[in-house]
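Visitor: The structure is given below, and queries will be raised subsequently.
The values are calculated or read from the model by the stated rules, or taken from the named source; none is laboratory data. If you're wondering where the values come from, they're calculated on a predicted model, not measured in any experiment. Don't worry about glycine lacking a Cβ; one is built from the backbone with ideal geometry, like all the others, and counts go over all protein chains shown. Note: accessible area is taken over every heavy atom of the protein model, side chains too, but ligands, DNA and RNA are not part of it. Shrake-Rupley method; radii C 1.70, N 1.55, O 1.52, S 1.80 Å.
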Amino acid sequence: SLDEYGIKLDEKYSWINPGEGLVIRPLSSQDFDKGFTDVLSQLTRLGDVSKEDFQKRFYAMKASGGYYTLVVEDTEADNGSGKIVGTGTLEVEQKFIHSCALRGRVEEVVIDKEYRGRKLGKLVLGLITVLSKKLACYKTTLECKVENIPFYGIFGYKEDPEKFMQLRF
Ligand code: 16G
């Protein structure tokens, strides 16, 4: 449950309600079988990721710390065996600057195309944002398509005057 990320679902978090049959929780090592990577492949190129690859990376991320991946599961889908229908990750980096602060990054926010329009993206991003604040990140940033700027704006994310640069290999 969200306990694992230090979030106790008290009345303060009554807005964390994905709807009938749906749950939002941390990623588990068993989620490959529930189609976690199928959801990721709706964001960008997934490449070859076997169940073994997924589990290796899952445990490596756990060991290194700083990765908070949330998933939305439709517990009633696939005859009750459950299906991952959304995800989003908070990555927390350690810094020397700002008095040894933490910096948050929002990554891989994607909702299955069949489940869009149910405010699940808002739920995932809202929870990631709360989590980054709770962990005392001095800032939390993300990269997104221009058409998604208004979506992130709802949560207070503003366009950075600095330019984002990249080198692709
Ligand atoms: C988007 C994602 C980012 C992801 C990237 C993949 C959010 C907020 N942003 O920018 O996390 O890593 O797409 O695109 O979800 P790429 O495969 O072109 O690097």
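Visitor: Leaving out ligands, DNA and RNA, and with a 1.4 Å probe, what % of the accessible surface on region 2-153 is carbon or sulfur? Walk me through the numbers on the way to the answer.
Guide: Numbers: 4280 of 8820 Å².
Result for region 2-153: 49 percent of the exposed heavy-atom area is carbon or sulfur.
Visitor: Heavy atoms only, probe 1.4 angstrom, no DNA, RNA or ligands counted: give me S29, S41, S99 ranked by accessible area, highest first.
Guide: S99, S41, S29
Visitor: Could you work out which residue, out of Y59, Y152, Y68, moves most in a Gaussian network model of the chain, that is, has the largest mean-square fluctuation with Cα springs under 10 Å?
Guide: Result for the chain, Cα springs under 10 Å: Y59 fluctuates most.
Visitor: Using a 1.4 angstrom probe on the protein heavy atoms only, line up L2, L142 by accessible area, largest first.
Guide: L142, L2
Visitor: Run the simple label-point estimate for I154 and T44 please: 7 Å along Cα→C-beta, distance reported in nm.
Guide: A separation of 2.3 nm, rounded to one decimal place.
Visitor: Of the chain, which part is the longest with no trypsin sites (Lys or Arg not before Pro) in a loop (DSSP not H, G, I, E, B) and with at most 16 other C-beta atoms within 10 angstrom?
Guide: Values: sites that count: K8, R45, K95, R116, R118, K119, K145, K158, K163, R168.
Between the exposed loop sites, the longest stretch runs 46-94.
Visitor: Taking the Cα centre as origin and putting +1 on Lys and Arg beta-carbons and -1 on Asp and Glu beta-carbons, what dipole magnitude results for region 2-153, to the nearest 20 debye?
Guide: In total the dipole reaches around 680 debye.
Visitor: Once fully extended, how much extra length lies between D53 and Y13, figured as 0.36 nm per residue of separation less the alpha-carbon to alpha-carbon distance?
Guide: Result for the pair: 11.0 nm of gain on full extension.
Visitor: Quick one: Karplus J couplings for region 82-94, per residue in order, coefficients 6.51, -1.76, 1.60, θ = phi - 60°, nearest Hz, x for Gly and Pro?
Guide: x, 9, 6, 10, x, 7, x, 10, 9, 10, 10, 9, 9
Visitor: Please work out how much length the chain gains when fully extended from D3 to E147, using 0.36 nm per residue of separation minus the C-alpha to C-alpha distance, in nm with one decimal.
Guide: Taking D3 through E147 to full extension adds about 48.5 nm, to one decimal.
Visitor: For the chain, what does -39500 (n - 2.57) per DSSP helix run (n ≥ 4), summed and divided by total residues, give at 222 nm, in deg cm²/dmol to the nearest 500? Kindly include the intermediate steps, with their values, before the conclusion.
Guide: Values: 6 runs with 47 residues, N = 169.
It lands at -7500 deg cm²/dmol.
Visitor: What's the center-to-center distance, using Cα atoms, between region 25-67 and region 88-142 in Å?
Guide: One Cα centre to the other: 17 Å.
Visitor: Provide the per-residue ³J(HN,Hα) series for region 122-134, in order, calculated from phi with Karplus coefficients 6.51, -1.76, 1.60 and θ = phi - 60°, each as a whole number of Hz, with x at glycine and proline positions.
Guide: Each residue's phi maps through the Karplus curve to give 4, 5, 4, 5, x, 5, 4, 5, 4, 4, 5, 5, 4 Hz.
Visitor: How large is the accessible surface of T75 in square angstrom, using a 1.4 angstrom probe and rounding to the nearest 10?
Guide: Per-residue accessible area (T75): approximately 50 Å².
Visitor: Efficiency by 1/(1 + (r/R0)^6): what FRET value for Q166 and K95, r their Cβ-Cβ distance, R0 = 25 Å, to the nearest 0.05?
Guide: Calculated value: 0.75.
Visitor: Between T75 and A136, with labels modelled 7 Å along Cα→Cβ, what's the label distance in nm to one decimal, could you check?
Guide: So the two model labels end up 3.5 nm from each other.
Visitor: Here is a further query. Output ³J(HN,Hα) for region 60-73: one whole-Hz value per residue in order, computed from phi by the Karplus curve 6.51 cos²θ - 1.76 cosθ + 1.60 with θ = phi - 60°, and x for Gly and Pro.
Guide: Working through the residues one at a time gives 5, 5, 4, 5, 6, x, x, 10, 10, 9, 9, 10, 9, 10 Hz.
Visitor: Based on C-alpha coordinates, I'd like the Rg and Dmax of the chain, in Å.
Guide: Both quantities, over Cα of the chain: 16.2, 51 Å.
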